[in-house]
Amino acid sequence: MRKLTYFVACSLDGFIGDPAGDATTMLRFVDEEFLDFLRGEYPETVSTHGRRALGLDDLENKRFDTIIQGRASYETALKEGVTSPYAHLREYVASRTLKESPDPHVEIIADDLVGKVRELKAEDGEFGIYLCGGSQLAGELLDEIDELVIKSYPIVYGTGMPMFGSGLGVTEFALDDVRTFKNGALVRTYSRER
């Protein structure tokens with residue numbers, strides 16, 4: 001069974017962006033040490049456009065071959081004219097409002113999101129599924145998330161978009177690893193306690 005991994009950046013107080021979802025203030029923590037970490041451990045989490053800009057085009061995927069993102073995350077790329085932001089992965093966008101995909105490489109999941117995720121998890125393969133924002137999507141898929149990789153940056157928003165949107169019950173994860181960076185960032189990895 002393939003894993004669904006929520007790989008997410010957040011503030012110290014658990015927000016993945018300001019109240020409008022803007023997380024650009026966190027980008028200042030992506031320094032050379034952090035880029036080395038991404039290159040070595042999670043190269044597929046860098047967008048195709050970002051991979052080109054950083055000279056990472058030649059890196060092979062290490063953990064994921066599929067991405068699921070929410071409509072708001074996808075629209076960030078669309079505003080820049082990018083219709084396939086993760087062309088190096090099989091791309092899905094969860095949306096009840098996008099009626100058709102603007103790119104043949106991107107499939108829209110309009111109905112039965114949980115069923116589609118379970119179908120993807122049941123596929124054969126050594127690589128997992130990357131859950132890339134947003135808050136509402138992560139909340140809807142909490143019961144399906146097998147692993148959390150939380151990139152915590154040393155800032156406090158005070159208010160904003162939480163890691164998991166929607167009313168949730170208590171869900172337990174076990175801490176597997178903590179990686180620290182000189183700029184104050186932490187990457188914590190948790191596995192689902194089932």
Worksheet item: Separation between the ALA20 and MET1 pseudo-spin-labels, each 7 Å from Cα along Cα→Cβ, expressed in nm?
Response: 4.1
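How large is the Kirkwood hydrodynamic radius of the chain, in angstrom, based on all distinct alpha carbon pairs? Intermediate values should be presented prior to the final figure.
Values: mean 1/r = 0.0585 Å⁻¹.
The Cα-based Kirkwood calculation yields 17.1 Å.
With an 8 Å Cα cut-off and a minimum separation of 6 or more residues, compute the relative contact order for the chain in percent.
On the way: 365 pairs, mean separation 64.0, N = 194.
Answer for the chain is 33 percent.
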Practice prompt. Rounded to the nearest 0.05, what FRET efficiency do ARG39 and ASP103 give with R0 = 22 Å and r taken as the Cβ-Cβ distance? Could you check?
Written response: 0.25
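Please identify every one of the trypsin sites (Lys or Arg not before Pro) in the stretch 36-87 that sits in a loop by DSSP and has no more than 15 other beta carbons within 10 Å of its own beta carbon. Show your work: numbers first, answer last.
Numbers: sites: ARG39, ARG51, ARG52, LYS62, ARG63, ARG71, LYS79; in loops: LYS62, ARG63.
Here the sparse-neighbourhood loop sites are LYS62.
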Discussion item. Which residue fluctuates most in the GNM of the chain (Cα springs below 10 Å): ARG179, ARG90, ARG118?
Written reply: ARG179
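Kindly provide the helix-only [θ] at 222 nm of the chain, computed as the sum of -39,500 (n - 2.57) over DSSP H runs of four or more divided by all residues, to the nearest 500 deg cm²/dmol? It would help to have the intermediate numbers written out before the result.
Working: 5 runs with 42 residues, N = 194.
Computed mean residue ellipticity for the chain: -6000 deg cm²/dmol.
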Worksheet entry | Sparse-neighbourhood loop sites, GluC sites (Glu not before Pro) in the stretch 1-91 - DSSP loop, at most 12 other Cβ within 10 angstrom | GLU60, GLU80
Worksheet item: If R0 is 30 Å, what FRET efficiency do you get for LYS116 and ASN183 from their C-beta distance, rounded to 0.05?
Response: 0.20
Practice prompt. Before anything else, pin down the relative contact order of the stretch 4-109: Cα pairs under 8 Å, at least 6 apart, normalised by residue count, whole percent.
Written response: 18
Item to complete: Enumerate the residues in the stretch 119-147 having an amide nitrogen under 18 Å from the point lying 7 Å beyond the Cα of HIS49 toward its Cβ.
Response: 132-134
Item to complete: Sort out for me the Cα centre separation of the stretch 47-78 from the stretch 126-194, rounded to whole Å.
Response: 18
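Rounded to the nearest 0.05, what FRET efficiency do VAL170 and ASP13 give with R0 = 30 Å and r taken as the Cβ-Cβ distance? Could you check? Numbers along the way, then the final one.
Values: r = 19 Å, r/R0 = 0.64.
Between VAL170 and ASP13 the formula returns 0.95.
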Worksheet entry | Of LEU141, LEU54, LEU113, the one that fluctuates the most in a GNM where the chain has Cα springs shorter than 10 Å | LEU54
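No lab work stands behind these numbers, since they all come straight from the coordinates. Quantities reported herein were computed from a predicted structural model and do not represent experimental measurements. Glycine gets a Cβ as well: all are built from the backbone with ideal geometry, and neighbour counts include every protein chain shown.
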